Protein chains: 2
Amino acid sequence: MGDKPTPRPTDAELAILRVLWERGPSTVREVHDALSATHDSGYTTVLKLMQIMTDKGLVTRDESQRAHVYSSREGEQKTQRQLLGDLMDRAFGGSPAKLVMQALSASRASAEELNAIRQYLDKMEEEKA
Amino acid sequence: MGDKPTPRPTDAELAILRVLWERGPSTVREVHDALSATHDSGYTTVLKLMQIMTDKGLVTRDESQRAHVYSSREGEQKTQRQLLGDLMDRAFGGSPAKLVMQALSASRASAEELNAIRQYLDKMEEEKA
DNA sequence: GACGAACTACGAAAGATTTCGTTGACCGTA
DNA sequence: TACGGTCAACGAAATCTTTCGTAGTTCGTC
């Protein structure tokens, strides 16, 4: 009770979360090294962001070692769903079907991907029954 | 050539674009009145945003009347696809299928919506053949 | 022509996001 | 113990986003 839901992560924050989801709990150094493949922000920039994310509740921090170890508070899928729900409200008038169909039309999805989606639909209907 | 792609609209900008898509070309007054149902920003706030959006190229402006008439530069669907593609890259590692499946699982989509999506999949495969 | 309403333009300020330099603490080793 | 490397903390600056007050213009009406 009283726990505010975690805020929507910003662009830079999301890049950090993705590293934490992939690597699991990590130090700032490890996150920075992973990010430097695609981004070129400095070490202290990443550190500062992760401190802010701790304040916001997006990540938790284990301070028992000298190099603090950070973990994402929310799972990857929960965050993805949150971002999608947010976009659905802001850009799609709350309609999930419109969002999905636009995603499909934009996706150039391969035949395998289309099949995976179809199977997923089947599974959803089974479970609904 | 040289035309930069339109930047990703911010939250407040997207709210304005949605009004323009729904109403068609509109004055600041009309947009502000439409927004005041759900937002409570002042008239000059909306005006300033729309001026900025003009500078960014998100909207165009017809100044031939005293009350300028604004139009969205890009269509609703193109903007939606842009936002989805952006989110796909930032949060889903570029995988459209993952995005679609998360959207489905988050959507609580109704049976009709699931059917609409299934039919859409069928149509895509037909066209691909 | 004067008044009031509606409009644009401008600038400033508040808030959020992103950046990074500097400082001081800690740790291992020479 | 001194040195070099690594780290967290802090503050400040740069940028972007959102907000709105004020000023000046235009238009219709009295």
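For the reader, a short list of remarks on this structure follows.
- Considering the range B:18-32, the residues that are more than 13 Å from the chain's Cα centre (by Cα) and of a type in the set (Val, Ile, Thr) include one that is surrounded by the most Cβ atoms within 10 Å (Cβ to Cβ), namely B:Val31.
- Which listed residue is at pLDDT 95 or above and under 18 Å from A:Ala91 (Cα atoms), from B:Arg29, B:Arg61, B:Arg18: B:Arg18
- Index of the failed condition, A:Met50 passing every other in (1) crowded, with 18+ Cβ neighbours inside 10 Å; (2) in a loop (DSSP other than H, G, I, E, B): (2)
- Once the range A:48-64 is narrowed to residues that are more than 14 Å from A:Val19 (Cα to Cα) and within 9 Å of DNA strand C (Cβ to nearest atom), the residue that is farthest from the other protein chains (Cβ to nearest Cβ) is A:Gln51.
- Within the range B:73-94, considering residues that are assigned to a loop (DSSP other than H, G, I, E, B) and surrounded by fewer than 16 Cβ atoms within 10 Å (Cβ to Cβ), the one farthest from DNA strand C (Cβ to nearest atom): B:Gly75
- Checking the stated criteria, A:Asp55 turns out not to satisfy the condition of being in contact (Cβ under 8 Å) with a residue 60 or more places away in the chain and part of a helix (DSSP H, G or I).
- Selection status of B:Glu125, out of contact with any helix residue (DSSP H, G or I) (no Cβ under 6 Å at 6 or more places or on another chain), acidic (Asp, Glu) and not in a helix (DSSP H, G or I): no
- Top-ranked residue in the range B:20-47 [being under 18 Å from B:Arg61 (Cα atoms) and assigned to a loop (DSSP other than H, G, I, E, B); ranked as nearest to DNA strand D (Cβ to nearest atom)]: B:Thr27
- In the range A:83-129, residue farthest from B:Glu22 (Cα to Cα) [restricted to those that are facing chain B (nearest Cβ under 7 Å) and touching a Phe, Trp or Tyr at 6+ places or on another chain (Cβ under 7 Å)]: A:Leu104
- Filter result (touching a residue at least 24 places away in the same chain (Cβ under 8 Å) and in contact with a strand residue (DSSP E or B) (Cβ under 9 Å, 6 or more places away or on another chain)) within the range B:19-31: B:Leu20, B:Trp21, B:Gly24, B:Pro25, B:Ser26, B:Thr27, B:Val28, B:Val31
Each row is one residue, and each column tells you yes or no for (1) in contact with a helix residue (DSSP H, G or I) (Cβ under 9 Å, 6 or more places away or on another chain); (2) of a type outside the set (Lys, Arg); (3) in a loop (DSSP other than H, G, I, E, B); (4) near DNA strand D (Cβ under 10 Å from one of its atoms).
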| position | (1), (2), (3), (4) |
| --- | --- |
| A:Pro5 | yes, yes, yes, no |
| A:Leu17 | yes, yes, no, no |
| A:Arg61 | yes, no, no, yes |
| A:Ser71 | yes, yes, no, no |
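- In the set A:Arg108, A:Arg66, A:Arg61, only one residue is farther than 30 Å from B:Glu76 by Cβ, out of contact with any His (no Cβ under 6 Å at 6 or more places or on another chain), surrounded by fewer than 20 Cβ atoms within 10 Å (Cβ to Cβ) and charged (D, E, K, R); that residue is A:Arg66.
The values are calculated or read from the model by the stated rules, or taken from the named source; none is laboratory data. No experiment lies behind these values; they were computed from the predicted model shown. Neighbour counts run over all protein chains shown; Cβ positions are idealised from the backbone, glycine included.
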